[in-house]
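Notes for the one structure printed next.
The values are calculated or read from the model by the stated rules, or taken from the named source; none is laboratory data. Since the model is a prediction, treat every value here as computed from it, not as a measurement. Every residue, glycine among them, receives a Cβ derived from its backbone with ideal geometry; neighbour counts consider all protein chains shown.
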Amino acid sequence: MRVTNDLVFSAQSAGASANSSAVYTGYMVTASVQATTTSTAVGTLKLQYSNDPGSPIERTVPTNWSDVPSASVAVSSAGTYAIGKIDISYNWLRLVFTYTSGAGNITTAYIHGFGF
């Protein structure tokens with residue numbers, strides 16, 4: 001079994017929309033997200049996937065992204081937000097914050113994965 005806990009946002013401004021870097025998930029079968037904010041920012045956190053070929057060894061940078069169905073959470077104030085466990089079969093995941101209003105930071109955000 002393989003378990004990962006990838007830090008994808010650290011002190012990320014929540015005063016504008018942002019995309020995390022890509023996390024290789026070719027070996028994962030489930031994933032979840034936990035993010036902490038210290039702000040009055042309002043927006044949405046969502047997971048996106050890419051099935052672009054490649055791997056971290058090949059230094060691949062995926063360019064084609066789609067939303068993971070039912071993998072988003074509304075952010076409305078300071079606190080901890082989660083996207084619960086999802087089954088995955090994608091090569092890459094990333095976390096997207098879509099800004100609506102307010103200001104502050106996404107203190108930390110992790111994509112947690114389980115695979116083989």
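Odds and ends about this structure:
Condition check ((1) surrounded by 18 or more Cβ atoms within 10 Å (Cβ to Cβ); (2) closer than 14 Å to residue 8 by Cβ; (3) modelled with pLDDT under 95; (4) aliphatic (A, V, I, L, M)) across all residues:
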{"site": "46", "(1), (2), (3), (4)": "yes, yes, no, no"}
{"site": "63", "(1), (2), (3), (4)": "no, no, no, no"}
{"site": "73", "(1), (2), (3), (4)": "no, no, no, yes"}
{"site": "92", "(1), (2), (3), (4)": "yes, yes, no, no"}
{"site": "106", "(1), (2), (3), (4)": "yes, yes, no, yes"}
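- In the range 85-104, the residues that are touching a residue at least 24 places away in the same chain (Cβ under 8 Å) and more than 26 Å from residue 16 (Cβ to Cβ) form Cβ pairs under 9 Å with partners that are of a type in the set (D, E, K, R) and surrounded by fewer than 17 Cβ atoms within 10 Å (Cβ to Cβ), at six or more places apart or across chains, as follows: 91/52.
- Flag if residue 29 is among the aliphatic types (A, V, I, L, M), modelled with pLDDT of 95 or more and more than 21 Å from residue 73 (Cβ to Cβ): yes
- Checked against (1) outside any strand (DSSP E or B); (2) closer than 16 Å to residue 114 by Cα, residue 57 meets all criteria but (2).
- Members of the range 102-116 that are at negative phi and in contact with a Gly (Cβ under 8 Å, 6 or more places away or on another chain): 103
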